[in-house]
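Report on the following structure.
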Amino acid sequence: MQNKCELDLPFSTWFKKKGWEPYDYQLELIKRPAQFSHDVLIAPTGGGKTLAGFLPSLIDLLKSPYPELHTIYISPLKALAEDVARNLTIPIEEMNLRINVDVRTGDTSNHRKRAQMKTPPQILLTTPESFALLLSYPEAKTLMSFINTVIIDEIHAIINSKRGDQLSLCLARLQKFSPSARRIGLSATVSDTDHISKWIAPADQQKLVRTITATPGPPSEISIVKAKRPPPWSGHSGQYALPELMEEIKKNKTTLIFVNTRAQAEIIFQSLWELNDECLPIGLHHGSLSVSQRTKIENAMAKGDLKAIIATSSLDLGVDWSSVQLVVQIGAPKGISRLIQRVGRSNHVLSASSRAILIPTNLFEVIECQAAIEAIIEGDIDDISMNPGAIDVLAQHLLLMACSQDFQFNSMHQEVSSSFPYRNLDQDEFKELLNYASNGGYVLQSYEQWRKIDQKKPGIYGITSKSISRKIRMNVGTIVEAETLRVKKKRGEYVGTVEEQFIQSLSPGDTFILGGKVWSFVRIKDLSAEVTSAEGKDPKVPIYAGGKLPLNSSLARRVRKIISDPVSWNKLPNSCREWLELQKKAAHLPKNNELLVETFPRAGKWYMVTYSFAGRNANQTLGLLLTKQMEFIGLAPLGFVVNDYALTCWGLRPIKKPEVLFNQDALYDGVDPWLGDSSLLKRTFRQIAIVSGLIQRRFPTKNKTGKQITFNSDIIYDTLRKYEPNHILLKATRNEALRGLADLSRIEQLLELNGSNIRHIQYDRTTPLAVPLILEVGKEPVYGGHAEELLLQSLAYELFDEAKVVNKLKKNETI
Amino acid sequence: MKQFDFEFCGSRFIADPSGGLIWPNQKLAVVSDLHLGKSRAIAKHTNQFLPPYDTTATLSKLVLLLENFEVRKILSLGDSFHHHNVGLLASDIKVLKRLTLNYEWLWIIGNHDPSLPHRLKGRYLDEVSIDNITFRHRASLAPKNPEISGHFHPVVNVRLAGRRIKGRCFIHDKERLILPAFGSYTGGLNVINKEVASLFLAQKKIYICGKKQVYEVPTTNLI
């Protein structure tokens, strides 16, 4: 590069001492051309990216002493913030710079937080939630009026989520206090740069964003495991390839094993230890383990004490471990970005290529893994649809900001709509939302006397009391977990968390695994589950909701292409190729431009399998629509199950003309009341109700149990739907839940081109391609609006039959 | 809709999916734990603004119940009001006052409503006996006569086709009957909880309220 910028002292000598050569992008970021106000740096993980983000601030702070808060760094993970703080102290101490760095997260003590307010550090490291909370204090304005730089780390993992919406709103507020603050976004080499650069800047500064892209490192070596045993038709355990995995663990210095769900992590951990004859140190890390346990594992990993670690997305981001030589992904990658991110966690130095092995857990996943490998080689990126900012997050934000200071209606609306996700929010909607935040926003104004936000002067709004501020701050956060219970030993030692529903399925004495250990359930006491250590055989595995990411559409296209093209099958393992050959011979391979629908009878019921390749969410929505339609037509649907590639609906009557079911007008006709009853909408409403403050998670005095929240939120939802169907939260619920419909547009396109794009074929038995999905029936929950009532009716019949039998027996006795 | 009849202490009763109990021979409707005014009480005490339609919803459910059966008397088993100091909206009071004029009301005193707001017509009692059955808010530990009560808001979980279905329920053995809560924002206590379970003999029956109908559920293997 010509005209290369050089590092000044003392940085140049420090780099030299370390034996490092500054990367081009590090130097690039130091330069600040006048035409740019903000930057996005796209660089591989672990290539000095974080340091690059801080260098401009360190240099600036060296030039002139700064008595105020200069730089705010925001990380999606608490642990990452702590880790970055440690790493940042090294250059500061070694160069003897007079710069104070401090961390503020949910784990920071109140004492330390108060001290930060009094004497602010120059650099503050925090998370989106703690940043929002900080902004809700009256002192925020003084503290944030001299901000020079905001660094947003792992920005690709934050945007396009509710946390991203919240952060974007908070940046808009900061903009008001420090109008010239520079925003630097740090992203892995994975995502759509265009989205990030739009998101990072205020609405009127979209053109002032510079994107710096680091030269990519050598390509990764990714392969599918070569196992002796074939992968099963369905399931998610990956057991068949564990002997080969064990061998790899032995061969490599450290192996990082990623799985998709916590249940998978527990099962694989358990099975690996059964194969672990040499007692190699293998650890387990996931979000339901206690913090102390996770920290223990992280520290052991940092010291290089572990040979392997099994982790969920809890380790997707952040902390660098140089000893990792191999990354293993068990289960489908689901998206290209995520796989690249995970693969990038091995050989965490830019110069060395990373090595990864994929272990698909069933036949469909084999194809998906092959598709992902090809996608990475050919440089595909995931399709991302940018969603408009969430209404519930904005409601929470307005309440938090009202806690900090009174605001004027118009200027707050302007501030909010300067944030990218909320750029299209009109004044009416904003007014409706403000009204909701203040008194619930009901037509029937019955809460006027207890409102949270008051109009103090015409157009000026503010919080009504300090006690309300306290409640609002206690309920900050945009992630709503399923209702969980803490699992504790008798002496009170905390083991981890499980979902309440799982605990309810246990009787005292039942065993389950958590954190790789077997526990025996004793009782529920004080909102936690008391357990004792146990040795039990066949312990149950807790199931955690969520965690099932839908297949990205870009990857889905490749999966469909591979299936439709027998020439490409030579890259697939034998078992998978044989399966596809079987389908080719006995049935029909779905082509690229058609929607294959198979119907066949099985065990007295009639099945219809639709190969949409539209991802789990879209398939779920389609399943709801199709079963609704089946009921309208009188086909007596009993349920449906989905995976990422297809869905199957079944009922009591044969489906002779699927084309009728897929008729678009009919499909959407009458969909509202039907969907309104679905558990999908009820779950979504619960989250929105909690985030927006309709239902409080925490009270100053006591913790409300999750159980009450679920129960109430369903009833509240039903009541609201009946009495005020146009309420803002119901609109938000519909919009959010029906995002799956966006993915449906691909199916629609197929249908629209020509009605005959549906390729319906009737068979007399299950086809090879349908087997994996049929095997899921009974394992996956049954969906459908009126399923509960139908199931209850079946109960009535059974009892009736039982009664008849009992009566008969009695009669016989008397004779 | 199929009507759900059952026998308790030699009399025929009807369990309605609304949670109401009908005693046809007495032309009596029994409801429990209406918790009228709950959303307003919650708003006042916690600043949570739940949709303010719970009282309206509860009262219209009651009106519907009364329309479906031939009833002259209404017995409200206590906790009729969520909080005795928080009043109802004028429109709801109007409906309630009309009901108290058209029917003979018996108000049992509950723990939430030691006194009733809005000076409503009817008799106010700690308990009352009709035809050898005693009606009280909370089940007594050793009742002399057969008794019908409320208070616990019983709910039951049934596992069907791999899915957990939860619903309000009636529960009874040969001498005790507990009604589900009739009010719309009321939570529930699982019948396997000791507080409820210990009140009943092993030989008991549980009827779950579906959306359209009441169903009997097996009493073994409850979760």
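Some observations on this one:
- Residue in the range A:419-433 that is small (Gly, Ala, Ser), modelled with pLDDT of 95 or more, open to solvent by 10 Å² or more (accessible area, probe 1.4 Å) and part of a loop (DSSP other than H, G, I, E, B) present: no
- Any hit, the range A:670-688, residues being buried (at least 24 other Cβ atoms within 10 Å of the Cβ), modelled with pLDDT of 90 or more and in contact with a Phe, Trp or Tyr (Cβ under 6 Å, 6 or more places away or on another chain): yes
- From the options A:Glu500, A:Glu483, residue that is within 14 Å of another protein chain (Cβ to nearest Cβ), open to solvent by 20 Å² or more (accessible area, probe 1.4 Å), touching a Leu at 6+ places or on another chain (Cβ under 8 Å) and modelled with pLDDT under 85: A:Glu500
- B:Asp33 fulfils the conditions (1) on the phi < 0 side of the Ramachandran plot; (2) surrounded by 18 or more Cβ atoms within 10 Å (Cβ to Cβ); (3) under 19 Å from the mean Cα position of the chain (by Cα); (4) not in a strand (DSSP E or B) except for a single criterion, (1).
- Of the helices (runs of 4 or more DSSP H) entirely within the range A:3-64, those holding at least 1 residues that are aromatic (Phe, Trp, Tyr) and within 17 Å of A:Gly217 (Cα to Cα) occupy A:24-30.
- Taking the range A:613-643 as the range and being assigned to a loop (DSSP other than H, G, I, E, B) and either open to solvent by 10 Å² or more (accessible area, probe 1.4 Å) or acidic (Asp, Glu) (or both) as the test, the residues that pass are A:Gly634, A:Leu635, A:Ala636, A:Asn643.
- In the range A:151-193, the residues that are in contact with a Gly (Cβ under 8 Å, 6 or more places away or on another chain), closer than 19 Å to A:His397 by Cβ and charged (D, E, K, R): A:Asp165
- Screening B:Leu222 on (1) within 13 Å of chain A (Cβ to nearest Cβ); (2) open to solvent by less than 60 Å² (accessible area, probe 1.4 Å); (3) modelled with pLDDT of 90 or more shows it passes everything except condition (3).
- Residue check, A:Thr71 under 19 Å from A:Arg210 (Cβ atoms), in the same structural domain as A:Ala181 (by TED's automatic domain parsing), open to solvent by 10 Å² or more (accessible area, probe 1.4 Å) and touching an Asp or Glu at 6+ places or on another chain (Cβ under 9 Å): no
- Entry remark, the range B:184-217: residues being at the interface with chain A (Cβ under 10 Å from one of its Cβ atoms), in contact (Cβ under 8 Å) with a residue 60 or more places away in the chain and either among the basic types (Lys, Arg) or in a loop (DSSP other than H, G, I, E, B) (or both) number 7 in total.
- Selection of the range A:713-729 for residues being over 21 Å from B:Thr58 (Cβ atoms) and aliphatic (A, V, I, L, M) yields A:Ile728, A:Leu729.
- Near pairs, Cβ below 9 angstrom, 6+ apart or cross-chain, from the range A:188-199 (at pLDDT below 90) to any residue that is among the charged types (D, E, K, R): A:Ala188/A:Lys49; A:Ala188/A:Glu154; A:Val190/A:Arg338; A:Val190/A:Asp382; A:Ser191/A:Asp382; A:Asp192/A:Asp382; A:Asp192/A:Asp383
- The set of residues from the range A:198-247 being aromatic (Phe, Trp, Tyr) and buried (at least 18 other Cβ atoms within 10 Å of the Cβ) comprises A:Trp199, A:Tyr240.
- Of all residue pairs spaced 6 or more apart or on separate chains, those with beta-carbon atoms under 9 Å, a first member in the range B:22-41 that is within 13 Å of chain A (Cβ to nearest Cβ) and a second member that is open to solvent by 10 Å² or more (accessible area, probe 1.4 Å) and of a type in the set (Phe, Trp, Tyr) are B:His35/B:Tyr185; B:Lys38/B:Tyr185; B:Ser39/B:Tyr53; B:Ser39/B:Tyr185; B:Arg40/A:Trp450.
- The range B:97-171 holds strands (runs of 3 or more DSSP E) entirely within its bounds, and those carrying 2 or more residues that are of a type in the set (A, V, I, L, M), open to solvent by less than 30 Å² (accessible area, probe 1.4 Å) and within 14 Å of chain A (Cβ to nearest Cβ) map to B:154-160.
- Note on the range B:62-96: residues that are within 13 Å of chain A (Cβ to nearest Cβ) and surrounded by 20 or more Cβ atoms within 10 Å (Cβ to Cβ) total 2.
Per-residue answers, yes or no, for (1) more than 29 Å from A:Glu82 (Cα to Cα); (2) surrounded by 22 or more Cβ atoms within 10 Å (Cβ to Cβ); (3) at pLDDT below 80:
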site: A:Asn299; (1), (2), (3): no, no, no
site: A:Ser354; (1), (2), (3): no, yes, yes
site: A:Ile359; (1), (2), (3): yes, yes, no
site: A:Glu365; (1), (2), (3): yes, yes, no
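- Subset of the range A:476-491 [outside any strand (DSSP E or B) and more than 15 Å from the chain's Cα centre (by Cα)]: A:Val476, A:Glu483, A:Lys490, A:Arg491
To keep it simple, each residue is scored yes or no on (1) surrounded by 12 or more Cβ atoms within 10 Å (Cβ to Cβ); (2) at pLDDT below 95; (3) outside the structural domain of A:Arg163 (by TED's automatic domain parsing).
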position	(1), (2), (3)
A:Glu6	no, yes, yes
A:Glu28	yes, yes, no
A:Pro33	no, yes, no
A:Ser64	no, yes, no
A:Leu77	yes, yes, no
A:Asp83	yes, yes, no
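- Scanning the range A:33-63 for residues that are under 15 Å from A:Ala181 (Cα atoms) and free of Cβ contacts under 8 Å to residues at least 40 places away in the same chain gives a single hit, A:Ala34.
- Condition broken by A:His285, with the remaining ones in (1) under 22 Å from A:Glu244 (Cα atoms); (2) out of contact with any Lys or Arg (no Cβ under 9 Å at 6 or more places or on another chain) satisfied: (2)
- Among (1) in a loop (DSSP other than H, G, I, E, B); (2) more than 26 Å from the chain's Cα centre (by Cα) - the single one A:Arg210 does not satisfy: (1)
The values are calculated or read from the model by the stated rules, or taken from the named source; none is laboratory data. Only a predicted model underlies this, so the values are computations on that prediction, with no experimental measurement involved. Here the Cβ is made from the backbone with ideal geometry for all residues, glycine too, and neighbour counts use every protein chain on show. Quick note on the areas: whole protein, heavy atoms, side chains included, nothing else; ligands and nucleic acids left out. Shrake-Rupley method; radii C 1.70, N 1.55, O 1.52, S 1.80 Å.
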